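Report on one structure; see the data block that follows.
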Amino acid sequence: MLVVDTSTGVELIETAGSSCHEKILTADPHIWLSPKNAMIIVEEICDGLVEVDPENAEAYRRNRDDYLLRLEELDRELESAFSGASRREFIVLHPAWSYFARDYALVQVAILEGDKEPGPRYLAEIVEVAREENLTTIFVDPNFSPKSAEIIAGEIGGRVVPLDPLAEDYIENMRAVSREIGRSLEG
């Protein structure tokens with residue numbers, strides 16, 4: 001069995017976690033939520049498939065090239081969508097969108113610290129940031145409890161909007177994510 005490290009070539013973002021006794025730096029695992037990274041991932045997957053099934057190499061390469069063109073188009077769309085945004089911050093429950101934010105010069109404000117629910121002090125800080133920046137949308141991952149997001153939305157008179165990092169149709173999902181985050185930046 002061949003194991004393919006699809007993060008090879010991706011510039012990883014480090015996140016701080018902690019154990020009982022020390023802070024631990026780990027790489028944010030959500031690399032696929034960046035079309036730029038997705039292009040690298042597609043290349044790595046194709047190389048792995050060619051290695052284990054060289055007889056079908058041409059088909060794998062053709063499919064890779066077709067999909068890369070679609071990802072390049074998506075990346076251009078997202079660059080254009082966010083290039084003129086006057087605001088850059090968006091609030092998320094789970095910090096899955098770091099690579100997306102980095103690629104399009106946005107700032108992800110996360111409610112959860114790792115996978116832990118925030119304490120009252122941190123919730124108050126998020127509410128303060130939301131009010132200062134006039135942020136009224138909180139994006140939630142359907143795989144996590146939206147309780148904290150709903151509390152903050154209630155405090156700021158905002159709304160809770162789901163963004164699915166694991167949706168089946170990657171390109172259409174990224175377009176939908178872009179539209180929702182774009183709307184939240186309009187204020």
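The values are calculated or read from the model by the stated rules, or taken from the named source; none is laboratory data. This one's a predicted model, so the numbers in the text were calculated from it and none came from an experiment. FYI the Cβ positions are ideal-geometry reconstructions off the backbone, even for glycines, and counts take in every protein chain you see. Just so you know, the surface numbers come from the protein's heavy atoms only, side chains and all, with ligands and any DNA or RNA stripped out. Shrake-Rupley method; radii C 1.70, N 1.55, O 1.52, S 1.80 Å.
Going residue by residue through region 116-126, is there one that turns out to be open to solvent by less than 10 Å² (accessible area, probe 1.4 Å), assigned to a helix (DSSP H, G or I) and of a type in the set (Ser, Thr, Tyr)? Taking every residue of region 116-126 in turn, none turns out to be open to solvent by less than 10 Å² (accessible area, probe 1.4 Å), assigned to a helix (DSSP H, G or I) and of a type in the set (Ser, Thr, Tyr). So which residues in region 54-112 are among the hydroxyl-bearing types (Ser, Thr, Tyr) and in a loop (DSSP other than H, G, I, E, B), if there are any at all? Result: Ser86, Tyr104.
Just one residue in the set Glu51, Glu58, Glu77 is out of contact with any strand residue (DSSP E or B) (no Cβ under 9 Å at 6 or more places or on another chain), free of Cβ contacts under 8 Å to residues at least 40 places away in the same chain, open to solvent by 30 Å² or more (accessible area, probe 1.4 Å) and farther than 24 Å from Gly158 by Cβ; that residue is Glu58. Against the numbered list (1) within 18 Å of Ala101 (Cβ to Cβ); (2) surrounded by 14 or more Cβ atoms within 10 Å (Cβ to Cβ); (3) at pLDDT 95 or above; (4) of a type in the set (Asp, Glu), Glu11 comes up short only at (2). If the condition is being within 14 Å of Ala110 (Cα to Cα), in contact (Cβ under 8 Å) with a residue 40 or more places away in the chain and open to solvent by 10 Å² or more (accessible area, probe 1.4 Å), then region 138-177 contributes Val140, Asp141, Phe144, Pro146.
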